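One structure is given here, and the rest of the page talks about it.
The values are calculated or read from the model by the stated rules, or taken from the named source; none is laboratory data. Here the structure is a predicted model, which is why all the values come from computation and not from measurement. No Cβ is skipped: glycine too gets one built from the backbone with ideal geometry, and neighbour counts run over all protein chains shown. The accessibility values were calculated without ligands, DNA or RNA, using every heavy atom of the protein model including side chains. Shrake-Rupley method; radii C 1.70, N 1.55, O 1.52, S 1.80 Å.
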Amino acid sequence: MSEQPRRPRKPGKPYRRPQKDPVRILAFEALRAVDERDAYANLVLPPLLRKAREKEGPEKFDTRDAALATELVYGTLRRQGTYDAIISDCVDRPLREVDPPVLDVLSLGVHQLLGTRIPSHAAVSASVELARVVLGDGRAKFVNAVLRKVARDDLDGWLQRVAPPYDEDPEDHLAVVHSHPRWVVSALWDSLGGGRAGIEDLLAADNERPEVTLVARPGRATREELLGEEAALPGRWSPYAVRLSEGGEPGAVEAVREGRAGVQDEGSQLVALALANAPLDGPDRRWLDGCAGPGGKAALLGALAAERGAFLLASEKQPHRAGLVARALDGNPGPYQVIAADGTRPAWRPGSFDRVLVDVPCTGLGALRRRPEARWRRRPEDLEGFAPLQRGLLRGALEAVRTGGVVAYATCSPHLAETRAVVADVLKQHPGTELIDARPLLPGVPDLGDGPDVQLWPHLHGTDAMYLALVRRTS
């Protein structure tokens, strides 16, 4: 039997293995964790980067690799709403019908094209190679086609195309241009009190990378010690704050490793300092942090209390978070105790404390710079879920403080339903109370409004949008 001649192969490019890019693969893995597990990037990314730094060979990360991976993850999450609008204009199906892993690769590619200085050809080719590795050749072709459409214009050009005109729909325009859900834009605008310039500045600030701020815990470290670190600058408002300029690594600071200093936003420091410095009638011996987890404010309050010989009780409902508080307070020079207890069902007698802090659970809309994914997870109905807890914790704090003592109600949200509405409702039920003007207790801090409460803002103060109301119990 004669051998049949083989068919000649059709001409074409030979198969080429996709090129693995460790930086972009890591960024993709972080985005998938955020999407699939509702994880937070600030918790997912550090261990991934640490593992990449410990590798040997070409996959080992250096400082530039870590910086690029960080920018890709956070930049993509911050601008997700804007990028979704652009991708929607470039695909022939509703965005909800695009597989989430494909959408993550597309979003990473769009961020490289429109949000970084990476050349367009490099951004497209790197994204297509990533798609080949994590999605396969078929879907890589789809990624290539979409990104080539995106690459035809810059960000400003795309915004003119996909954002409705401001005059026709101001809130939707701002939502697309600044990548916030419409309801968040509306809520922040209400809190600011109107005006286009202010809301644009705030939304833009939410999309900026926040500085890392350290706190020198009194009696354990000094600001001067921290300022001796490379890339360290003094804080703007807190006497204990030090800012690390871009590239500064908190874990490289000896005082942080030893627990004598910590990472703490300056707004959070100001809340603790305001309570510690509020005028009291009578003794000043017992302090309470009624919602102490994860422990940043408790550690600062404990250090301040120790300087006066006062005792701090740090209470946290969740046992695992109480463990974080205990770790933060470990080594505090003065007397303290950490317990797992519910601030709405106090484990202490009424009127036991001179100063009480309740930094209540909230939507976290004041920390969107640090947790950009939170803006996409929160819903307006979440406010209803937090409301009873916030009011219950403030009522518990007012019962815990003695007559003449002071309560600080704080929350990392500027939403009026979580700030002034809570305080107003609870104080109606407690006639033996009065609001203290908190503004003089934040010396040197500008733009604090009409008082007596205080709302900090990223675009005005460079801090998270912390809210603070100080209440004295008068009877």
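Brief remarks follow.
- Taken across segment 98-120, residues that are part of a helix (DSSP H, G or I), open to solvent by 40 Å² or more (accessible area, probe 1.4 Å) and out of contact with any helix residue (DSSP H, G or I) (no Cβ under 8 Å at 6 or more places or on another chain) do not occur at all.
- Meets criteria (within 21 Å of the chain's Cα centre (by Cα), on the phi < 0 side of the Ramachandran plot, assigned to a helix (DSSP H, G or I) and not basic (Lys, Arg)) for residue 299: yes
- Taking every residue in segment 54-82 that is part of a loop (DSSP other than H, G, I, E, B) and pairing it with any residue that is open to solvent by 50 Å² or more (accessible area, probe 1.4 Å) and modelled with pLDDT under 95, at least 6 positions away or on another chain, the pairs with Cβ-Cβ distances below 6 Å are 61/53.
- Filter result for residue 324 (within 30 Å of residue 212 (Cβ to Cβ), of a type outside the set (Phe, Trp, Tyr), out of contact with any His (no Cβ under 6 Å at 6 or more places or on another chain) and open to solvent by 30 Å² or more (accessible area, probe 1.4 Å)): yes
- Conditions (1) surrounded by fewer than 18 Cβ atoms within 10 Å (Cβ to Cβ); (2) more than 19 Å from residue 80 (Cα to Cα); number of the one not met by residue 140: (1)
- Taken across segment 84-91, residues that are more than 20 Å from residue 22 (Cβ to Cβ), among the polar types (S, T, N, Q) and open to solvent by less than 60 Å² (accessible area, probe 1.4 Å) do occur, with at least one present.
- The set of residues in segment 232-257 that are charged (D, E, K, R) and in contact (Cβ under 8 Å) with a residue 60 or more places away in the chain contains only 236.
- Candidate set: segment 192-206, residues that are of a type in the set (Gly, Ala, Ser) and assigned to a helix (DSSP H, G or I); chosen: the one surrounded by the fewest Cβ atoms within 10 Å (Cβ to Cβ): 197
- Of the helices (runs of 4 or more DSSP H) contained entirely in segment 207-294, those carrying at least 3 residues that are within 17 Å of the chain's Cα centre (by Cα) fall at 266-277.
- Residues of segment 263-293 satisfying the condition of being surrounded by fewer than 22 Cβ atoms within 10 Å (Cβ to Cβ) and of a type in the set (Gly, Ala, Ser): 278, 282
- Test: residue in segment 431-443 that is more than 24 Å from residue 344 (Cβ to Cβ), surrounded by fewer than 18 Cβ atoms within 10 Å (Cβ to Cβ) and among the acidic types (Asp, Glu): yes
- Among the residues of this structure, residue 184 counts as one that is in contact with a Lys or Arg (Cβ under 8 Å, 6 or more places away or on another chain), in contact (Cβ under 8 Å) with a residue 40 or more places away in the chain and buried (at least 19 other Cβ atoms within 10 Å of the Cβ).
- Qualifying positions in segment 207-222 - open to solvent by less than 60 Å² (accessible area, probe 1.4 Å) and more than 30 Å from residue 174 (Cα to Cα): 214, 215, 216, 217, 218, 220, 221
- If you go through segment 316-360 and keep only what is aromatic (Phe, Trp, Tyr) and within 30 Å of residue 257 (Cα to Cα), you end up with just 336.
- Near pairs, Cβ below 9 angstrom, 6+ apart or cross-chain, from segment 115-131 (free of Cβ contacts under 8 Å to residues at least 24 places away in the same chain) to any residue that is in a helix (DSSP H, G or I) and not hydrophobic (A, V, I, L, M, F, W, C): 118/112; 122/112; 125/144; 128/109; 128/141; 128/144
- Applying the condition of being free of Cβ contacts under 8 Å to residues at least 60 places away in the same chain and within 26 Å of the chain's Cα centre (by Cα) to segment 156-177 and asking which residue is surrounded by the most Cβ atoms within 10 Å (Cβ to Cβ) yields 174.
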